[in-house]
Structure formats: C-alpha cells, structure tokens
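Below is one structure, written out as structure tokens; the observations come after it.
The values are calculated or read from the model by the stated rules, or taken from the named source; none is laboratory data. Since we're looking at a predicted model, the values are computed, not measured. Note that we place each Cβ from the backbone using ideal geometry, even for glycine, and neighbour counts take in every protein chain shown.
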Amino acid sequence: MTVDPADVAARLSDLRARLDRAGGGGIEIVAVTKGFGADAIRAAVAAGLDRVGENYVQELVAKHAEVGDLLHDRAVRVHMIGRLQTNKVRQLAGRVDCVETVDRAGLVDELSRRCPGMHVLVQVNATGEPDKGGCDPGDVGALVARASEAGLVVDGLMTVGPTTGGPEAARPGFRIVRELVDRFGLAVCSMGMSDDLEVAVQEGSTRVRVGSALFGARPPA
Ligand SMILES: *Cc1c(COP(=O)(O)O)cnc(C)c1O
C-alpha cells in the first residue's frame with residue numbers, strides 16, 4: 001500500500017484544523033503507520049511530524065531497518081502502541097522511545113530488564129471490554145509504582161475508546177483516565193484516535209494517536 005506524501009501533508013493540515021477547533025492546538029500527534037510501509041513514516045516526517053506509532057513488533061523491526069537512520073537524524077520518537085507479548089520486548093531496545101501499552105506486572109519486569117530507563121505509559125482499560133488491552137482503573141496506582149521502582153520512566157497513561165458506539169461513547173472512559181492522570185501527578189494523557197479525537201481533547205488528552213486520518217484507510221491486516 002503506497003502513501004502519497006502530498007496527501008499526508010494535506011491530511012495533516014486538516015487534522016491540525018480539527019484539533020484547533022476542538023481546543024487542542026498544541027497537542028502531541030503520534031502518526032500511526034500500522035499496515036503501511038516505511039514510505040508512510042517518510043511521508044509523516046516530511047510533513048513535519050516528530051512521533052510515529054507502531055502496533056506490531058515485526059513491522060516495527062522491518063521499518064526500522066529501512067528508516068531507522070532517518071528517524072535518528074530527525075529526532076523522531078517511536079511509540080509502541082500495540083499489545084505486547086513479553087517475549088518480544090527485547091526487540092524494542094534501541095528501536096522504541098516510549099511503550100504506551102504497559103498493562104501488567106510481568107511486562108514492567110521484562111521492560112526493566114531488557115530496556116532499562118524506557119519511557120512508558122500505563123494502558124488503562126476504561127471500557128470494561130474483555131478483548132481490550134489495559135489494566136483495570138483500580139490497578140493503575142500499583143503498576144505506576146512498580147514501573148517507577150523498576151527504573152522505568154512513567155510519563156502518563158494511555159487508553160483506547162470503545163470499539164462500538166461512536167465518539168460520544170468514549171467520553172466516560174476518557175474522563176476516568178484523565179482523572180487518574182491527575183491523581184497520580186502524571187503529565188501525559190494519550191487518548192483519541194481518528195474518529196474520537198475531538199471528544200478526547202475535550203476530556204483533557206495531551207496526545208492523540210492518529211492513523212487513518214493521516215494515511216487513509218488501512219489495508220486489511
Ligand atoms: C490503530 C490505532 C490507532 C490509530 O487508529 P486510527 O483510527 O486509524 O486513527 C491509535 N491507537 C491504537 C492503540 C491503535 O491500535
């Protein structure tokens with residue numbers, strides 16, 4: 001699936017206008033390139049974005065081989081935003097700057113062993129959907145503490161809105177996660193994707209993760 005850099009630049013200005021209208025002008029944008037090749041990363045960087053997100057370790061490794069130097073030269077931060085198996089963690093070292101999907105103690109322990117000092121977000125499942133990653137809201141404090149004690153740098157929390165129900169259905173969960181960010185004195189609140197970013201900004205997001213609104217519809221996985 002090829003990506004036209006001019007399309008990405010045009011979609012980025014639309015995205016920035018949407019964020020402005022929602023009151024989130026200066027918010028961080030993670031360009032989610034899952035399903036697309038390294039050309040999506042090149043287009044995002046050319047358009048001026050400085051954070052890219054990957055969901056799958058295998059894709060991450062392949063793209064890093066192609067554009068790792070570009071990412072390094074332009075100081076582009078790479079975010080792991082997909083569900084993470086413990087046995088894949090060692091492949092993140094040297095390739096990823098922030099792991100946004102820390103949701104269990106075993107993952108904290110493996111990250112501290114393989115990627116000491118890694119920046120992380122604790123992912124919260126605020127919708128109760130059983131098939132979603134993330135810890136229960138009530139377990140956030142313990143995970144934040146464990147990660148900090150293990151020498152990881154806990155920047156904040158991350159959440160994904162519900163799969164069905166439309167953007168408004170995401171609001172209650174986003175509100176819970178923002179409250180937790182404040183309760184634990186954290187800085188980053190990563191929530192909002194292409195379809196629900198306005199609601200996320202209204203509820204206090206500091207970082208949106210955007211794929212299809214930048215790159216178009218994803219090829220089927
Ligand atoms: C795919 C994905 C995104 C981006 O989704 P879009 O709807 O394409 O913007 C954001 N966050 C996570 C965790 C994802 O898996």
Filter the range 20-43 down to the residues that are more than 13 Å from the ligand (Cβ to nearest atom) and part of a helix (DSSP H, G or I) and list them by number.
20, 21, 22, 38, 39, 41, 42, 43
Restricting to the range 89-104, name every residue that is more than 15 Å from the chain's Cα centre (by Cα) and assigned to a helix (DSSP H, G or I).
89, 90, 91
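With the structure loaded, tell me whether residue 51 is modelled with pLDDT of 95 or more, touching a strand residue (DSSP E or B) at 6+ places or on another chain (Cβ under 6 Å), farther than 26 Å from residue 139 by Cα and within 14 Å of the ligand (Cβ to nearest atom) or whether it fails that test. If you could, list the steps in order and put the result at the bottom.
Working: modelled with pLDDT of 95 or more: yes; touching a strand residue (DSSP E or B) at 6+ places or on another chain (Cβ under 6 Å): yes; farther than 26 Å from residue 139 by Cα: yes; within 14 Å of the ligand (Cβ to nearest atom): yes.
Considered against the rule, which asks whether it is modelled with pLDDT of 95 or more, touching a strand residue (DSSP E or B) at 6+ places or on another chain (Cβ under 6 Å), farther than 26 Å from residue 139 by Cα and within 14 Å of the ligand (Cβ to nearest atom), residue 51 comes out as yes.
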For the range 116-134, indicate whether the set of residues that are among the acidic types (Asp, Glu), surrounded by fewer than 20 Cβ atoms within 10 Å (Cβ to Cβ) and either in contact with a Leu (Cβ under 8 Å, 6 or more places away or on another chain) or more than 21 Å from residue 57 (Cα to Cα) (or both) is non-empty.
yes
Search result, residues across the range 179-215 that are within 16 Å of the ligand (Cβ to nearest atom) and among the basic types (Lys, Arg):
207, 209
Tell me which residues, restricted to the range 79-91, are over 12 Å from residue 120 (Cα atoms) and either in contact with a strand residue (DSSP E or B) (Cβ under 7 Å, 6 or more places away or on another chain) or at pLDDT below 95 (or both).
82, 83, 84
How many residues does the range 184-202 hold that are under 12 Å from residue 124 (Cβ atoms) and without any contact (Cβ under 8 Å) to a residue 40 or more places away in the chain?
2
